[in-house]
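Peer 1: Could you have a look at this structure, given as structure tokens, before my questions?
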Amino acid sequence: MKTTRLLGGLVFAAIGGLALTAYATEPHPSELFKEYCAKCHGEDGKAQTPRGKQLNARDFTDAEWQAEEKDEEFIEAVTEGKDDMPPFGKKLTREQIESLVKNDVRGFVRK
């Protein structure tokens, strides 16, 4: 009985460790962010690229702004465009845009 519990515990721990490793190694920012967003916002999200400075692009590491901005508002801005940011709704799917917002943009504050 003790052997069964021990074996079950080891299997559970191994699965949990594997899941944690897979999550921890997920690249940030994503290739999608690098392709479509980094030109202005930079791979570090700080918008200090020449183009980002020229357009006054949003600094995604700004925790105060992140706290104020709702995902839906940002998804709409990426889809339709806002201020100097062009629309990406015809280049990217809704799912890709949601992933960019929820994983990439929000991920800069979690770092």
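Peer 1: From the residues in the stretch 57-84 that are in a loop (DSSP other than H, G, I, E, B) and among the small types (Gly, Ala, Ser), which one is nearest to the chain's Cα centre (by Cα)?
Peer 2: The initial filter retains those residues of the stretch 57-84 that are in a loop (DSSP other than H, G, I, E, B), namely 57-62, 69-70, 81, 83-84.
Right, trim to among the small types (Gly, Ala, Ser) and you get 57, 81.
Values: Ala57: 17, Gly81: 18 Å.
Filtering first and then ranking leaves Ala57.
Peer 1: Next question. How many residues does the stretch 75-101 contain that are modelled with pLDDT under 95 and within 24 Å of Glu26 (Cα to Cα)?
Peer 2: Residues meeting the conditions: 0.
Peer 1: Which number in (1) within 15 Å of Asp104 (Cα to Cα); (2) assigned to a helix (DSSP H, G or I); (3) open to solvent by 90 Å² or more (accessible area, probe 1.4 Å) marks the one condition that Glu26 misses?
Peer 2: In the conditions (1) within 15 Å of Asp104 (Cα to Cα); (2) assigned to a helix (DSSP H, G or I); (3) open to solvent by 90 Å² or more (accessible area, probe 1.4 Å), Glu26 misses (2) alone.
Peer 1: May I pose another question? Just name the residue that is nearest to Val109 (Cα to Cα) out of those in the stretch 38-56 that are open to solvent by less than 60 Å² (accessible area, probe 1.4 Å) and either of a type in the set (A, V, I, L, M) or more than 15 Å from the chain's Cα centre (by Cα) (or both). Before the answer, list the steps.
Peer 2: Quick first cut of the stretch 38-56, residues open to solvent by less than 60 Å² (accessible area, probe 1.4 Å) only: 38, 40-42, 45, 47, 49, 52, 55.
This time we only want the ones that are either of a type in the set (A, V, I, L, M) or more than 15 Å from the chain's Cα centre (by Cα) (or both), so: 38, 40, 47, 49, 52, 55.
Working: Ala38: 16, Cys40: 18, Ala47: 14, Thr49: 19, Gly52: 19, Leu55: 22 Å.
Step by step, filter the stretch 38-56, then rank; the result is Ala47.
Peer 1: Something else about it: Please verify whether Phe12 is at pLDDT 95 or above and of a type in the set (A, V, I, L, M, F, W, C), treating the condition exactly as stated.
Peer 2: The answer is no for Phe12.
Peer 1: Among the residues of the stretch 29-52 satisfying the criterion of being acidic (Asp, Glu) and assigned to a loop (DSSP other than H, G, I, E, B), which is farthest from Trp65 (Cα to Cα)? Walk me through it before giving the result.
Peer 2: Within the stretch 29-52, the first condition is being acidic (Asp, Glu), and the residues that meet it are 31, 35, 43-44.
Retained after the next criterion (residues that are assigned to a loop (DSSP other than H, G, I, E, B)): 43-44.
Values: Glu43: 18, Asp44: 16 Å.
Of everything passing the filter in the stretch 29-52, Glu43 is farthest from Trp65 (Cα to Cα).
The values are calculated or read from the model by the stated rules, or taken from the named source; none is laboratory data. Not measured: the values here are computed from a predicted model. These accessible areas exclude ligands, DNA and RNA; they are computed on the full protein's heavy atoms, side chains included. Shrake-Rupley method; radii C 1.70, N 1.55, O 1.52, S 1.80 Å.
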